[in-house]
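Asks: Sharing a structure with you now.
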Amino acid sequence: MAKDYRQLARDIVDHVGGRENIKELKHCITRLRFSLKDEGKADTDYLKARDGIVTVVQAGGQYQVVIGNHVPDVYVAVQTAAGIVGNGSLDIDEGDKFKGNLFERFVDLISGIFQPFLGALAVAGILKGLVAILGANGMTADNSAFYAILNAAGDGFFQYLPLIIALTSARKFKVNEFTALAIGAALVYPSLPGVVEGVTEAGLNRIFGIPFSLPTGGYYSTVLPAILAVWVASYIERGARKLIPDVVKLFLVPFVTLLLAVPMTFLVVGPVGNLLSDALSWFFQLIMGISPVLYGVVLGGLWQVMVMFGMHWAIVPLAIVETASQGFSAILVPALFPSFTQVGVLLAIMLKSKEAKVQSLSLPALISALFGVTEPAIYGITLPMRIPFIVSCMTSALIGGYVMFAGIVGYSVGGLGIFLYPSLIDTSTGSMSGVISAIIASVAAVVISFGVQMALPVANLYGAEVLDEKEDEPLALLKEIQQEIVASPLEGTIVPLTDVPDPVFASGAMGKGLAIEPSQGILYAPAKGEVTLLFPSKHALGMRTENGAEILFHIGMDTVSLQGAGFDSFVEVGDRIEAGQKLLAFDIEKIREAGLPVTTPIIITNTSLYKDILVSQEKAVQVGDYLLTTVR
């Protein structure tokens, strides 16, 4: 079970001077790095003495609270306690500044908005699956109160998803949460579709010359409209706070925000959404006319992305019309199988990931995906990990091409996951050929996506690992092994740990070991084992030897500030490595030009498991020379 760091986080926030004293928060491999408005407000003595904190270091304009290996978990808890979002900045005038390319920023935004309610989202998906099972056995809201209650519990969450997204988006964009909820409520106001239809028929649907319209299906169950609406509101609210006098801010700021943000949402998002839907519908009809197989590849590959943007409604009406007119349709068939490709990648992630949170989310997300509800899988796991989402989309493209080649058609619209099969039974002849082909496609979707993902690395989402029963074996074996010799991973000059220019490492707070002043910029594996940690800036790497020693390599001091410049890695977290294998490359001159030491600590972080750590007494070492010995 993951440790609860909420009380520790609250104490840290309180004793660095409170939320209002924090300008920015980041973390490296071992410590929280605060930029404080006034370091004099921080209670350093308390923090140094507090259980769960190794020490406090004030250097380089940063207030560094040293935590240890579990710093990523504490960092998340401190973010929550202090209301810090994005890159950790609390400057409300600047907003969140996401690093990386456009796709990476989009993923960061979406996953950050969805993570707070992933558990409830997964449960709602499972409930929808149970309702589908009850419906297949004759239950309906008209003949069963139990069915009606379960249907409300599962479907209600998805129907009013814009409200929930508005709330979490408010936290992401620093908007008043109740103002954001008011915007979300406007998007799903029950009588609005009827009003829009009425004023459109009467020719009265233009406001300032802009047509007032809703996308097909309205904004129920949508994602991006609520996010965009709250994003627009964040700028309006920020400007209103600056201009409106304090004495009337309480009601005038939300008044101005709602007065401007809601009409802008309906008048801009609506028309743009309808325009894109029309263009997308035309595009897919054009491809279907050229080649049904190509149509299957394109729709299958893009379907999950279209659902994320709410653009899938461009295709659904075409299928409904065609099914109603001729009794069957192939238009939506390629879109029926991405749920199975999500199942495949989730199975692989469950086998490969060592993170407790990922494990806890994967099973309910997998069950939801089997029932055709993929949102928990996409937003909680596969999209943030990126590679599994791409694998799922590519496999879906392949399966989409196959089902169109096989001539599978649907005889009704509705039913995803395992509930798609009844819709493929030929109602006039009772033929099951479509069902058999669909089962083959489903199995292929799971097997292919599973196999591809098993061959690819699984990203570490939350920075925390958990040992399962198999991972306990090295520790059990360690009891029988009295010592383990660790070779040098670097060429250079040995530096006693006490001489390292960083009090955290020098004090041995992180564990026993030594340091090397490297003469060449290549880090090699000192023993056979597994990569357990690779910091995004690639200045620090952790491994576990096959005999259980956990080793941390930290290239230079404060090199996290280089943000990966001059560093390159040859391995990923979870990789099995052999002694002598290249792990990292680093530019010694670039580090020195930045005015930073290249001295590299090599620490046994699970020192407490050993009676002693013996270190080499030589002055210089080559790669592969004796460096240290762990003694049980």
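What follows is calculated from the coordinates using simple rules that are stated; it is not laboratory data. What you see is a predicted model, and the numbers here were worked out from it, not measured in a lab. A quick note on method: Cβ atoms are made from the backbone with ideal geometry, for glycine too, and the neighbour counts reach across all protein chains shown.
Asks: Report, to two decimal places, the Cα Rg of segment 319-436 normalised by 2.2 N^0.38 Å (N = number of residues). Each step should come with its number before you reach the end.
Replies: Numbers: Rg = 15.8 Å, N = 118, 2.2 N^0.38 = 13.5 Å.
Taking N as the residue count of segment 319-436, the ratio is 1.17.
Asks: What residues qualify as long-range amide H neighbours of residue 483, i.e. H under 5 Å apart, gap of 5 or more or another chain, H built at 1.01 Å from N?
Replies: Residues meeting the amide H criterion: 632.
Asks: A follow-up question, please. List the residues whose amide H sits under 5 Å from the amide H of residue 30, counting only those 5 or more places along or on another chain, with H placed 1.01 Å from N in the peptide plane.
Replies: Counting only residues 5 or more places away or on other chains, the set is empty.
Asks: I would also like to ask the following. Determine, for each peptide in 38-50, 374-386, the mean count of other beta carbons within 10 angstrom over its residues, then list the peptides with the highest first.
Replies: 374-386, 38-50
Asks: Compute log10 of I(q)/I(0) for segment 556-632 with the Debye formula, placing one identical point scatterer on every Cα and leaving out solvent, at q = 0.27 Å⁻¹, to two decimals.
Replies: These q points yield log10 I(q)/I(0) values of -1.22.
Asks: Sticking with this structure for a sec: Give me the percent relative contact order of the chain, please, defined on Cα pairs under 8 angstrom at least 6 residues apart.
Replies: It rounds to 10 percent for the chain.
Asks: Could you work out how far helix 145-159 tilts from the main Cα principal axis of the chain, as a 0 to 90 degree angle to the nearest 10?
Replies: Compared with the principal axis, the helix lies near 70 degrees.
Asks: What ranking do 27, 15, 554, 70 get, fewest neighbouring Cβ atoms within 10 angstrom at the top? Provide the component values of the computation, followed by the final result.
Replies: On the way: 27 23, 15 19, 554 26, 70 16.
Ascending number of Cβ neighbours within 10 Å: 70, 15, 27, 554.
Asks: When the Cα centres of segment 388-427 and segment 241-303 are compared, how far apart do they sit, in Å?
Replies: Their Cα centres are 27 Å away from one another.
Asks: Show me 180-187, 404-411, 363-370 ranked by packing, highest mean number of other Cβ atoms within 10 Å first. All intermediate terms of the calculation are to be shown ahead of the outcome.
Replies: Values: 180-187: 21.5, 404-411: 18.6, 363-370: 23.5.
Put in order of decreasing packing, that is 363-370, 180-187, 404-411.
Asks: Determine, for 224, 252, the number of other Cβ atoms within 10 Å of each Cβ, and report the residues in order from fewest to most.
Replies: Least to most surrounded, the residues fall as 252, 224.
Asks: While we're on this one: Using the Cα centre as the reference, give the magnitude of the dipole from point charges on the C-beta atoms of the chain (Lys, Arg: +1; Asp, Glu: -1; all else neutral), rounded to the nearest 20 debye.
Replies: Dipole magnitude for the chain comes out near 760 debye.
Asks: Once the Cα atoms of helix 356-370 and of the chain are each reduced to a long axis, what angle between those two axes, in degrees from 0 to 90 to the nearest 10, is obtained?
Replies: 20 degrees
Asks: Rounded to whole Hz and in sequence order, give me ³J(HN,Hα) for segment 608-622 from the Karplus expression 6.51 cos²θ - 1.76 cosθ + 1.60, θ = phi - 60°, writing x for Gly and Pro.
Replies: Result, ordered by residue: 4, 7, 10, 6, 7, 10, 8, 10, 5, 9, 6, 8, 10, 9, 9 Hz.
Asks: Ok, one more. Can you tell me the 0 to 90 degree angle between the C-alpha axis of helix 224-243 and the longest principal axis of the chain, rounded to 10?
Replies: Approximately 70 degrees, to the nearest 10.
Asks: How many lysine pairs in segment 482-631, separated by 8 or more positions in sequence or lying on different chains, have Cα atoms less than 26 Å apart?
Replies: 15
Asks: For segment 160-288, just list the percent of Cα-Cα distances falling in each 5 Å bin from zero outward, please.
Replies: Histogramming segment 160-288 at 5 Å steps yields 2, 11, 18, 20, 17, 14, 9, 5, 2, 1, 0, 0, 0 percent.
Asks: Sort the following peptides by mean Cβ neighbour count (other Cβ atoms within 10 Å, averaged over residues), highest first: 392-398, 331-337.
Replies: 331-337, 392-398
Asks: Still on this structure, please answer the following. Quick one: putting +1 on the C-beta of Lys and Arg, -1 on the C-beta of Asp and Glu, what dipole do you get for segment 482-631 around its Cα centre, in Debye to the nearest 20?
Replies: Numbers: 10 positive and 19 negative charges, 36 e Å.
Once rounded to the nearest 20, the dipole reads 180 debye.
Asks: Where the convex hull is taken over the Cα atoms of the chain, what is its projected area averaged over directions, in nm²?
Replies: Mean projected area of the Cα convex hull: 33.9 nm².
Asks: Related question: Evaluate the relative contact order of segment 160-288 (contact order divided by residue number), counting alpha-carbon pairs under 8 angstrom at least 6 apart; express in whole percent.
Replies: 31 percent
Asks: Scale the Cα Rg of segment 482-631 by the rule-of-thumb value 2.2 N^0.38 Å and send over the ratio, two decimals.
Replies: This ratio for segment 482-631 stands at 0.94.
Asks: Using helices alone, I'd like the mean residue ellipticity at 222 nm for the chain: each DSSP H run of four-plus residues gives -39500 (n - 2.57), total over residue count, nearest 500.
Replies: -14500 deg cm²/dmol
Asks: Just name one of 554, 272, 135: the one whose Cα is farthest towards the positive end of the charge dipole of the chain (beta-carbon charges, Lys/Arg +1, Asp/Glu -1).
Replies: Farthest along the dipole direction, towards plus: 272.
Asks: Right, something else. Let me know the charge dipole size of segment 160-288 about its Cα centre in debye, to the nearest 20, where only the beta-carbon of Lys, Arg (+1) and Asp, Glu (-1) is charged.
Replies: The calculation lands at about 560 debye.
Asks: Give me, ordered by chain and number, the residues 5 or more places off residue 528 or on other chains with an amide H under 5 Å from its own placed amide H.
Replies: It is 546, 579, by chain and number.
Asks: Starting from the Kirkwood radius over alpha-carbon pairs of segment 248-301, derive D by Stokes-Einstein at 4 °C in a medium of 1.567 mPa s and give it in µm² s⁻¹.
Replies: For these conditions, the coefficient is 92 µm²/s.
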